[in-house]
Amino acid sequence: MLSNALENALPTRPTPSREPSPEHDQTPHARHTTNDLVRRLPQSSRSRLLELCDEVTLRPRQMLQERNLLLQHAYFLENGAASLTARAGDCLPVEIQTVGAKDFVGIPLILGMRVSPHRCMVQVPGRALRIEANALIELVKGDVVIQKLLLRYVQAALIQSSQLAACNSRHSLQQRLARWLLVAEDKLSSREIPLTHRCMAQALGVRRAGITSTMGEMEARGIIKRGRAQVEILDQSQLEQLSCNCYRVILSAHENSLNAANARRTSNSC
């Protein structure tokens, strides 16, 4: 059924050959990759994927995908961070996933769709491996290992977004901001988070004044330090105490989903 959906998603006309991109820096399969999903692939599947990828620079506020528009590419982030957002009517968009070096942008393509209902915008500049949409669809159809890995990633993303929905409706702003900072730290692999109060307010769907007030309380307790367009986490232990347990659910969803197949094989061999 998945193969049929992917086949139907392909255009009927032949896929044009890829032309060199102005952002293309080097042949990515000749370099070390830091994306967690790509690194999990066996060497043969990894090489097959990387041969189809360009390494590109991600600029602040660059759109990786726009809602209701045809997807041209998918991305495996190497570093930096992006925000996947949903819009409710005329209200400001709300973040449904923070995307970093453990992640993949282009889930609709794995599910047989060519249009995304969500926007994905770069928040922290970095680099990514970019693959054309048609090339990814064909690759997933022909390599069951890559297909299964990306489907398990879809499962992780579903768990994360549903946990965010529960968190945003049940927990205080202090808990949610602490949760967001902990997840951002994990995505960036850094205690320095180069984002403004405005970006954090948009991610949480609240007024900037609320973020400023809550962060002022955290700074007074020595948990964080605010700088120009950035926040540094000084005391992670205290930040975890302030947060709800949702950050643990969100962070563990990735490992639990991607390791599920290994756990089943171990169980079956007992």
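The values are calculated or read from the model by the stated rules, or taken from the named source; none is laboratory data. Fair warning: this is a prediction, and the values are worked out from it, not measured in the lab. We place every Cβ from the backbone using ideal geometry, glycine too, and count neighbours over all the protein chains shown. The accessibility values were calculated without ligands, DNA or RNA, using every heavy atom of the protein model including side chains. Shrake-Rupley method; radii C 1.70, N 1.55, O 1.52, S 1.80 Å.
In straight-distance terms, cross-link reach from Lys102 covers every one of the lysines whose alpha-carbon lies under 19 Å from its own, apart from those fewer than eight places away in the same chain; here that gives Lys148, Lys187.
Among Arg87, Arg40, Arg228, the order of accessible area from largest down is Arg228, Arg87, Arg40, computed with a 1.4 Å probe on protein heavy atoms.
Solvent-accessible surface (1.4 Å probe) assigned to Lys148 amounts to roughly 120 Å². Database remark: amide H of Arg127 closer than 5 angstrom to the amide H of Leu58, Glu78, Asn79, Gly80 (H placed geometrically; neighbours at sequence offset of 5 or more, or on other chains; Pro and chain starts carry no H). Distance between the C-alpha centers of region 97-141 and region 162-203? Whole Å please. Using only Cα atoms to place each centre, the spacing works out to 22 Å. Both radii are taken from the alpha-carbon atoms of region 32-85; with Rh as the Kirkwood radius, Rg/Rh is 0.99.
Is any residue of region 98-114 close enough, with backbone N under 19 Å, to a label point placed 7 angstrom from the Cα of Ser189 along the Cα-Cβ axis, and if so, which? Answer for region 98-114: 98-105. Taking a sphere under 10 Å around the Cβ of Lys187 and counting the other residues whose Cβ falls inside, with K and R at +1 and D and E at -1, yields a net charge of -2.
Phi angles across region 172-181 convert, under the Karplus curve 6.51 cos²θ - 1.76 cosθ + 1.60 with θ = phi - 60°, into 3J(HN,Hα) values of 6, 4, 4, 5, 5, 5, 4, 4, 5, 5 Hz, Gly and Pro given as x.
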